[in-house]
Each structure stands twice: as C-alpha cells, then as structure tokens.
1. Which residues among the range B:176-206 fall inside the zone where the amide N is under 20 Å from a point 7 Å beyond the Cα of B:Leu81, along Cα→Cβ?
2. What is the percent of Cα-Cα separations in the range A:6-82 that go past 19 Å?
3. Of B:Lys206/B:Lys232; B:Lys365/B:Lys422; B:Lys103/B:Lys550; A:Lys27/B:Lys206; B:Lys350/B:Lys520; B:Lys350/B:Lys530, which sit over 26 Å apart, Cα to Cα?
4. Stokes-Einstein at 25 °C, 0.890 mPa s, Kirkwood radius from Cα pairs: D for the range B:217-290 in µm² s⁻¹?
5. How much net charge surrounds B:Glu373 when only the other residues with a Cβ under 12 Å from the Cβ of B:Glu373 are counted, with Lys and Arg +1 and Asp and Glu -1?
6. Show which aspartates and glutamates lie in cross-link reach of A:Lys12 when reach means a straight Cα distance below 18 angstrom and same-chain residues fewer than eight apart are skipped.
7. Where nothing but the Cβ of Lys and Arg (+1) and of Asp and Glu (-1) is charged, how large is the charge dipole of the range A:6-82 around its Cα centre, in debye to the nearest 20?
8. Among residues other than B:Ala27 whose Cβ falls under 10 Å from its Cβ, what is the net charge (Lys/Arg +1, Asp/Glu -1)?
Amino acid sequence: MKMLTSAEVMEKMKAYNDLLTREKSLKEELLSLKIYGNRDAAALAEQRHDEIMGEIQEIRTKGMLPLIRECCEFIAACEARDAKKVKK
Amino acid sequence: MSGNKGKSFKALFVFPPQWNPQNPFYAMASLAGHLRSHGYEVALRDLNVEYYDLVLTPQYLQSVEDRLKLDYEYLYGQGMLRNMMGDTSLTFQIEGKRYIEIKKFFQEQPGLIQQLKGEILAAKETLRDPRRFYNPDMLMPALDTIDSALEVIALPYFPAQFSYNFFHQPTTIMATRSLIEYAGNRSNNMFYDYFQSKVAELLAEKANYIGISINSFSQVLPGVTLASMLHKAAPEGTTVAIGGNFFSRVKEALKKRPEFFENFCDVVACGEGEEQMRLLMEALSEGKGYEGVPNLLYLDGGEVKETAAHTATPMDQIGLQDFAGLPLDKYFTPELVASVQASKGCYWGKCTFCDTDFGITHDVKSLDRLVEEINHLKNDYGVKHFQFIDEAIPPETMREMANRFIEEKLDVQWFTNGRLEKGFTPELMQLLHQAGLRLILWGYESGSTRIMRMINKGIDIRQRHNILRGSAKAGIWNFAYIFFGFPTETGEEAMSTIDAMWKHQDFIHSYGRSVFSLGKHSTLFLKAKKFGIIDVIHDPEELSSNLHYKTTIGMDAQEADEMMRKCSEICYEKFDSSLWFFLRYRENIHLYVSKFGLDYVRKAKYKSAWTNSVLSNLEAW
C-alpha cells in the first residue's frame with residue numbers, strides 16, 4: 001500500500017464530500033418528484049426515479065466504497081508501521 | 001381599435017411569489033384589461049397564490065419533513081468531514097447554522113409537522129369561508145397554523161424567511177452575479193423545483209410574449225429564478241420580459257449589466273405598463289423591433305440599449321381591470337378586496353423620505369370612469385370591497401367620490417391611504433362613512449415634532465389628533481403608519497411615537513411600523529448632508545433601491561430595529577390583547593370593521609397562545 005501524503009488524504013476527503021453532495025442532491029430531486037411529478041408525465045417521472053436510484057448506487061459502489069477501502073488500507077498500513085516502530 | 005393585424009398574437013403575464021396571497025394584484029388585471037380591450041389575447045397566471053396553495057398542504061409539509069431529515073443526516077456527516085478539511089467557506093458556515101436550526105427544530109418541536117398536516121387544509125378553508133373567517137375563535141388559530149407552516153416550509157433553506165407578507169434570503173445580495181447564482185442553485189432556492197415544474201405548462205400557452213411581474217424586493221429572487229428558466233426554455237421568437245415597479249427604480253444599474261439580460265430576459269419594461277405593453281404587442285406582432293416602444297431596456301450587440309421615455313397614457317384611456325384567467329377561488333379571503341386607483345402619484349409629493357411615486361406621472365381618473373370600473377368589478381365578479389391603492393386622496397376629491405357613490409347607490413365598502421390634513425373635517429368623515437369608507441391608512445409617521453418638520457409632511461401636527469377623533473366618531477377605523485430611524489432620530493423621539501400609539505387608542509385604532517430606509521430617489525438622499533446623513537455607501541447591492549448610510553447623531557440601524565421590537569412589545573401589552581393584532585393584515589381589519597363595525601373590533605380582545613407569532617408578523621406590516 002502506497003503511503004498517502006496529507007495532500008492526497010485531503011483530496012480523497014474532498015472527493016468523498018463531493019460524492020455526498022451529489023447523492024444528497026439526487027435524493028432532494030427524488031423528494032421533489034413526489035410533489036411535482038406530473039400525472040401526465042408519470043412514465044417520465046418513473047424513469048427519472050430509476051435513473052436517480054441507479055446513479056446513487058453507482059456513487060456508492062464505484063465512488064464512495066473504493067475511497068473508503070483506500071482510506072482503510074492506508075490506516076491499516078499506518079497502524080502496522082507504527083506497531084513495528086513500537087516493537088523496535 | 002388596433003388589434004392583431006390579421007396575425008394571432010398572445011401575451012402571458014405571470015405573477016411570481018412572494019406577495020400577499022389574499023387578493024389579485026392590481027397591475028396584472030389592469031394590463032390584461034387594457035390589452036384585451038385592444039383585441040389582444042392575454043393569459044394570466046398568478047403563481048404566487050398557486051404556490052401558497054400548494055405548499056400549505058399535508059403532502060408538501062410531509063416533503064418538508066423528509067427534506068429536513070435528509071439535511072440533518074447529510075449536513076452532520078459532511079460537517080465533520082469539512083471540519084477536518086479545514087473548510088472555512090461561507091457555504092459551510094451557512095450549512096452549519098442550518099444544521100443547528102434543524103437539530104433544534106427536531107429537539108424542541110418533534111411533532112409539529114404532523115400536527116400541521118392535520119390542521120392545514122381546514123386552516124386554508126377558514127380563510128376562504130365567510131362563516132368561519134368572521135368567527136375570531138376559528139380565524140385566529142387558522143392564521144397561527146398558516147404562520148407556523150410557512151416558517152417550517154422555509155427551514156430547509158435557512159436562513160431564508162418566508163411568511164404571508166415576506167420573503168428574504170439574507171445570504172443573497174441584490175447584485176446581478178448573486179441573482180444569477182441564486183437562480184441556478186437548486187439546494188438553496190425554495191422556488192426552484194416549483195418553477196421547474198411550471199415551465200412546460202407556461203410554455204404550453206404558446207404565448208408570443210411572456211411578461212414576469214416583479215414589483216417588490218420579496219419577488220426579485222423568485223422572479224429572476226422563473227425568468228432564468230423561461231429565458232432558457234422558451235422557443236425561438238418568444239419574448240421573455242421582466243416588468244413591474246421594482247427594476248424601474250434601478251434602471252441605471254441595469255444598463256451596466258448586459259449579463260442580466262443574457263441570463264434572465266430579452267427585455268426589461270420600465271415605467272407604467274399598460275400602453276407601453278400595447279405598443280410592444282403591436283411592434284412584435286408586426287415583426288418590428290423594440291426601438292419604437294417607450295421605456296424598454298434590451299440587449300443589442302452585447303450592449304444594453306434604452307428606448308425613449310414617453311408621457312403616460314391618461315388613466316381614463318386605460319382598459320378596465322379584467323380578472324379572467326385568475327384563480328379567484330384560491331385567494332385567501334372570504335370576500336375579494338379588489339384594488340382600484342382613483343389617481344396616480346402623490347398630490348403632495350414633498351415628504352423628504354419618500355420616493356414611492358418615482359417614475360409615476362401624476363394623473364386623476366374621472367369619477368365617471370371610476371364608477372364604471374367599480375360597477376364592472378361588482379357586476380362581473382361580485383366584488384363589494386375595494387382598496388384604493390393611491391398614495392393619498394385629497395379631502396375634496398374624497399368628498400366628490402363620496403357624493404357620487406351615494407348618488408349611484410354603489411353600496412360598496414372601501415379603504416384608502418390618507419394625509420392628516422385639515423380638509424378632513426368631522427362632517428366629511430361622516431359623509432365618507434355613509435359612502436362606504438371603513439378604514440383609512442394615515443401617514444402619521446412620528447410622534448416627534450422635530451422629526452415631522454424634517455419629514456416636511458405639510459400638515460398641522462397639532463390638529464392631526466382632532467382629525468383622527470372626527471374619523472373615529474364617524475365609525476372609520478384609523479390605522480397609523482409609523483416608522484423608526486429617520487436620520488438623526490433619537491431614542492427619546494422614537495419613544496414619543498410609541499407613546500402616541502398606545503395613549504390614543506380611542507382614535508388610533510391600529511398601526512403598522514417599519515424601519516426607515518434611504519431611497520435612492522428621495523429628497524433625503526439628494527440633500528443628504530442637510531439631513532445629517534454622512535457616508536452614504538454605494539455598496540455592492542447595485543440592484544437595491546435602498547442605500548446604507550451613517551448619520552451624524554441619533555440611532556443607528558440596529559437601534560432603530562430594536563425600537564421597532566420595543567414598539568410591538570409595549571403596544572401589545574398596552575392594547576391588552578386587542579383583536580386587531582391577531583387579524584394581522586389591513587384587509588382582514590377592513591373586512592371585520594365592515595362586517596361588525598368599528599366599536600366591536602376596537603373593543604374585542606383575543607387571548608392567543610401564539611404571542612411570538614403575532615409579534616413577528618407585526619414586523620412584516
């Protein structure tokens with residue numbers, strides 16, 4: 001596992017935050033569909049609903065989870081390195 | 001009469017939030033009446049009353065609760081993350097405060113939204129049903145429910161404030177770049193989704209011209225949001241315009257902002273609109289440009305151009321108001337109170353603080369025309385109550401009106417603005433009451449003789465209480481406009497205004513208070529130093545018609561605000577839970593006085609558990 005610099009950690013935090021913002025925005029749009037969804041355009045609203053759910057799923061699986069995995073590996077690597085230092 | 005010249009041409013006028021949703025807006029009906037009388041097809045959409053009707057529903061309130069829970073969940077997690085990232089941006093600070101407000105709401109009022117969901121439909125219907133409206137024990141809880149609901153509805157957009165009489169988003173300033181940012185910011189803009197859901201509907205009208213009417217500060221942000229969406233989505237050949245009173249006052253600033261037109265509209269229509277709109281319809285329907293139409297701003301080759309000014313058309317030649325197309329059953333009133341105008345511009349026009357008739361050509365409507373208009377609204381729409389929106393009507397004109405109304409047996413009830421001048425004799429007040437006048441909104445302004453001299457009101461201050469006594473004796477409700485913070489006004493002088501209100505309850509029946517603002521077109525601004533005003537700040541709010549300033553002596557803005565709050569607290573106690581506090585709005589007071597008489601409303605008391613709601617609503621007068 002490559003050790004991350006603080007700048008790289010900040011970058012990953014920012015990337016994660018941007019994904020959170022996008023996910024929140026999509027959920028707001030879902031709420032809006034409930035109120036403003038047009039009966040005449042029900043099919044369109046349903047399609048948009050599915051698109052939003054799909055995008056949220058992608059954000060989580062392809063965006064957030066890899067970042068979380070990377071950060072966890074980084075933390076584990078740091079802990080292992082620190083444990084070695086203590087033994088010495 | 002000119003008309004479509006053989007080619008169909010349609011105009012759509014849209015009235016956006018935020019405005020009081022009690023009655024139709026005068027200018028919309030006047031524009032429609034004038035253009036229709038010249039053969040043009042006109043559609044009207046009052047998106048303001050439609051918005052209030054939509055958001056005050058159980059479904060919408062549920063969506064607000066869902067949104068608050070979403071915000072609570074995300075803002076917390078993101079807050080931690082951004083803290084670690086060292087985010088000090090304004091956005092982060094605002095969202096942090098929003099999170100705190102939402103958390104406080106869930107902790108202190110966990111069941112409120114579910115309670116409001118159960119009450120809201122009945123509350124709306126109480127405002128529309130005469131049998132319930134005229135019962136204070138039903139009306140007051142209904143108004144309280146609506147006030148609470150509107151507060152909650154704004155919470156996901158904190159620090160935005162939204163009520164019956166007010167909308168403000170403090171984090172957005174009146175500058176073009178801020179308006180552009182706000183119009184496109186869905187998360188921060190409580191009107192964004194609503195307008196987006198309306199665009200297809202509005203464009204389905206297939207209008208050649210879409211005019212968005214923006215008349216006050218509270219309509220600007222929602223209005224430009226709608227304009228932005230329509231401007232982008234409208235098909236080639238459709239003109240999207242912004243009209244109304246607001247942007248006329250900042251015309252000079254707009255001329256330096258081509259990006260305003262790039263983002264929001266093809267045209268800004270300044271000044272008085274009826275005949276201007278007819279000329280614009282004529283030009284567009286004949287395929288001509290804007291050059292021959294007066295008082296327009298438009299973009300040409302990247303530059304903002306202005307067409308020539310012109311003399312306004314006499315009021316007698318303007319078409320009668322036409323409500324057709326407005327959802328009259330949706331307005332939040334048991335009986336429509338229609339706005340009418342007997343005159344334009346203030347016949348005094350010398351008060352140093354005032355610039356409300358900036359850009360207005362003085363004119364008086366003939367009595368024949370006025371009576372024709374009242375009869376038309378009565379016969380076609382069943383209107384029996386009228387609000388005269390004139391700046392003020394002189395006593396002798398009111399006498400002529402009264403005599404004519406009595407002679408014609410109009411049998412209507414009305415209210416108006418008035419100046420406390422000696423022509424309003426006790427005998428005239430009796431005549432006016434007989435003719436249907438029930439309430440006068442007097443420009444009382446201040447209890448201080450020094451301040452009244454600086455205002456240059458042109459009245460004998462010593463006599464004004466006699467006039468009010470005569471009016472009260474005739475059975476007419478006296479409402480006093482007062483304000484705090486006139487440049488150099490001291491705290492003591494402000495207290496004299498407060499004392500004048502509660503000490504004379506027998507003839508000052510209610511009041512509305514505000515804080516002074518320095519208008520760009522007022523005498524005070526033009527002669528600032530003479531009035532002790534220094535450091536007028538031409539701040540980045542280029543599209544605000546008011547200015548920030550400092551004075552040599554006297555209260556500052558914060559102290560004036562504090563005095564306004566003190567006025568509410570003192571008078572609420574001294575008036576001892578008077579019913580009028582809870583009626584809140586002048587239209588409601590007029591309807592109650594018309595129904596029950598002055599004495600009943602003056603003496604009736606009401607005990608409410610929602611004192612804070614009442615006091616905070618008074619700030620919106």
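Rule-based calculations on the coordinates, nothing more; no lab input. Remember, predicted model here, so these are calculated numbers, not experimental data. Glycine gets a Cβ as well: all are built from the backbone with ideal geometry, and neighbour counts include every protein chain shown.
1. So the set is B:186-188.
2. Summing the P(r) of the range A:6-82 above 19 Å gives 51 percent of all pairs.
3. In this structure, B:Lys103/B:Lys550; A:Lys27/B:Lys206 lie more than 26 Å apart at Cα.
4. Once the numbers are plugged in, D ends up at 187 µm²/s.
5. Summing Lys/Arg as +1 and Asp/Glu as -1 gives -2.
6. Those aspartates and glutamates meeting the cut-off are A:Glu23, A:Glu58, A:Glu70, A:Glu73, B:Asp87.
7. Dipole size: approximately 180 debye.
8. Around B:Ala27, the charge tally is -2.
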